[in-house]
Amino acid sequence: MLDNSSSYYYFKLLRLYSHFFTTTFDYFMLELKNDVYQIGGIPISVLTEKYDTPIYVYDTAIMARQYDQLKTAFNGANTKIKFACKALNNINILKFFKHIGSGLDTVSIQEVWTGLRAGFDPKNIIYTPNCVSMEEIDMAVKEGVQINIDNLSILEQFGHKYGNTVPVCVRINPHVMAGGNINISTGHIDSKFGISIYQMRHLERVIKSENICVNGLHMHTGSDILDVDVFLRAADILFEVTEHFPDLTFIDFGSGFKVPYKPDDYATDIEEVGSKLTEKFNAFCKTYGRDLELWFEPGKFLVSQSGTFLAKVNVIKQTTATVFVGIDSGLNHLIRPMLYNSYHHIINVSNPMGKQRLYTVVGYICETDTFGWDRKLSEVKEGDIIAFQNAGAYGFTMSSNYNSRFRPAEVLVHEGKDYLIRKREDLEDILRNQVESVTF
Ligand SMILES: Cc1ncc(COP(=O)(O)O)c(C=O)c1O
């Protein structure tokens, strides 16, 4: 269904249309047409009536727009984009990214298997696990995907087993502090990720003694990079160590591009990174003596803005301190605000023109479960539909059944039509793997 390219021109038009909006300030906001909030041309009320709440809704036109923007920014080099499916792992989304030409970035064998099921060529899948067993890496080798190893112990075992018969990428930790939050910063000195830049001698010894063919170098300094220069400095560090690796065919610069979460928010200037890094990369290739591929593995940049999480207001609760809006969802569905203190722009889509008031939006989980404190929303009534923007990345994939709640449905809007791509769970899903084996 989604792989059908017969509607190519319609799709191209949609891309052009959405590209236009990248130049406007609030391009990540929901569309408001004739006082009706819409996603990909479909009124939100139509979606919530059809699929109920809570639901995640994704718009392929926005994913395509983001993909195109990145491709265009780096078109001066031989650039390959691998969608980091940890951000959004529904198989329909994976098929869509394959359809528009992307590869896949995976961090577990299960993601590898899902990618293969979605039809990706194993050669277009990179597997970057952390702290997994050699057995899991063996499974990935068997699937023929590009292996990326981030510690010396496993690299030594890998070399011992495969020598130079299976080329491997090595994840380097350049020790730069990038990323918007300590929990999503991965390139600093205390991070568990990557092989330290200070362990280069040891790394060389392992490669030589086990006759390993290193075909790629990788870094990922963290999510939500705020400073392009920090990112470029990390890239320079990677270029500097390439002299130890004569067999490279690619360098993978990871991801971490920041998208805007609210009006006036800072976002990574993709065009600036594109032109500066491309220039550096091409100059580097000349000194290296070979044209390499430049890889990226974005998650958030490709899907964050494409996703909206919709929930219904169960209760309005006035206290002496605030007015709570209690919704039919919780941190079990969208954990980012509680886990990372992330901001998701919240809109009352049922009352677009209503008077603005201050509310604290909370969930139904029996913990502190706050989506947003003191948010300005147009006047909220019980039964209204509340939309959380930027919910495409690390939304559903981080959801759980905490409090025995069902995980929400997922809907994809593509070329003006909506498709159910994941059913809402029911009690059978909660109980499926429980074994009632004890008689009391
Ligand atoms: C190795 C690796 N690559 C890519 C990504 C995607 O990052 P982002 O969603 O910020 O683009 C992550 C995210 O944590 C990652 O760990």
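Here, each number is a calculation from the coordinates, and none is a lab measurement. Predicted model, so just to flag it, every value in this text is computed and none were measured. When we count neighbours, we look across all protein chains shown, and the Cβ atoms used for this are built from the backbone with ideal geometry, even at glycine.
Close amide H pairs (under 5 Å, H built 1.01 Å from N) link residue 254 with 219, 297, residues at least 5 positions away or on another chain. Once the Cα-Cα distance is subtracted from the 0.36 nm per residue extended length, the residue 275 to residue 417 segment shows a gain of 47.5 nm. Angle of helix 228-241 to the longest C-alpha principal axis of the chain, folded into 0 to 90 degrees and rounded to 10: 20°. Within straight-line reach of residue 86, meaning a Cα separation under 20 Å, sit the following lysines at least 8 residues removed in sequence or on another chain: 95, 98, 123, 192, 258, 300, 423. For the chain, the longest principal axis of the alpha carbon atoms and the long axis of helix 60-73 meet at an angle near 40°.
Computed over the Cα atoms of the chain, pair by distinct pair, the Kirkwood hydrodynamic radius stands at 23.1 angstrom. Straight-line reach from residue 381: taking Cα to Cα under 17 Å and skipping same-chain neighbours fewer than 8 places apart, the lysines in range are 312, 317, 355. Were the residues from residue 110 through residue 323 laid out at 0.36 nm apart, the gain over their Cα-Cα distance would be 72.4 nm. Think of the chain as having a plus end and a minus end, set by charges on the Cβ of Lys, Arg, Asp and Glu; of 130, 431, 169, 431 sits farthest toward the positive end of this dipole.
Sorted ascending by nearby beta carbons within 10 Å, beginning with the fewest, 329, 133, 275 become 133, 275, 329. Full extension of the chain between residue 164 and residue 293 gives 44.4 nm of extra length, using 0.36 nm per residue less the Cα-Cα distance. In plain terms, the residue of 264, 59 with the fewest other Cβ atoms within 10 Å comes first and the most crowded comes last, giving 264, 59. Using the Cβ-Cβ distance between residue 403 and residue 45 with R0 = 25 Å, the FRET efficiency computed as 1/(1 + (r/R0)^6) comes to roughly 0.35. In the calculated pair-distance distribution of region 61-300, the portion above 26 angstrom amounts to 34 percent of the Cα-Cα pairs.
What angle do you read, to the nearest 10 degrees and between 0 and 90, between the alpha-carbon axis of helix 200-210 and the longest principal axis of the chain? With both axes taken from Cα atoms, the answer is about 70 degrees.
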